[in-house]
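**Q** Questions regarding the structure given below will be posed in turn.
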């Protein structure tokens, strides 16, 4: 009778010896199932949440799973989102947004855009005021 080994721990090295690689070891005979679909074998580990996922549910460019991609900040792509911008409807994290009134948030892009629009309207009003005073 062959003893059943426990699943590999998160700090276990790949058989190739790469400890920081997000690529899950394919040569491990005790492979885990994908934590999202539970159908295919997990080949990768998400850098953000630590889930073991299959190739279908993994974004190789970013090194994170699809669940983290869909719930992440749409501006920095680094942290998970905590809210939605009130103006452009982007998902934003706390670092990329400003809390307006405890419920609504505005992203940094909309904040910059609104301040530039405010400055252009203000300068236009000052120009118009100078033209009317000067005549």
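Table: residues versus (1) at pLDDT 75 or above; (2) in a helix (DSSP H, G or I); (3) out of contact with any strand residue (DSSP E or B) (no Cβ under 8 Å at 6 or more places or on another chain).
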{"site": "95", "(1), (2), (3)": "yes, no, yes"}
{"site": "110", "(1), (2), (3)": "yes, yes, no"}
{"site": "125", "(1), (2), (3)": "no, yes, yes"}
{"site": "133", "(1), (2), (3)": "no, yes, yes"}
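**Q** Condition (residue is in a helix (DSSP H, G or I) and free of Cβ contacts under 8 Å to residues at least 24 places away in the same chain) applied to segment 70-87: is it met by at least one residue?
**A** Taking every residue of segment 70-87 in turn, at least one turns out to be in a helix (DSSP H, G or I) and free of Cβ contacts under 8 Å to residues at least 24 places away in the same chain.
**Q** With respect to residue 62, is the statement that it is at pLDDT below 90, under 30 Å from residue 113 (Cα atoms), touching a strand residue (DSSP E or B) at 6+ places or on another chain (Cβ under 9 Å) and surrounded by 13 or more Cβ atoms within 10 Å (Cβ to Cβ) true?
**A** yes
The values are calculated or read from the model by the stated rules, or taken from the named source; none is laboratory data. These numbers come from a predicted model, not from an experiment. Glycine also receives a Cβ, built like all others from the backbone with ideal geometry; neighbour counts cover every protein chain displayed.
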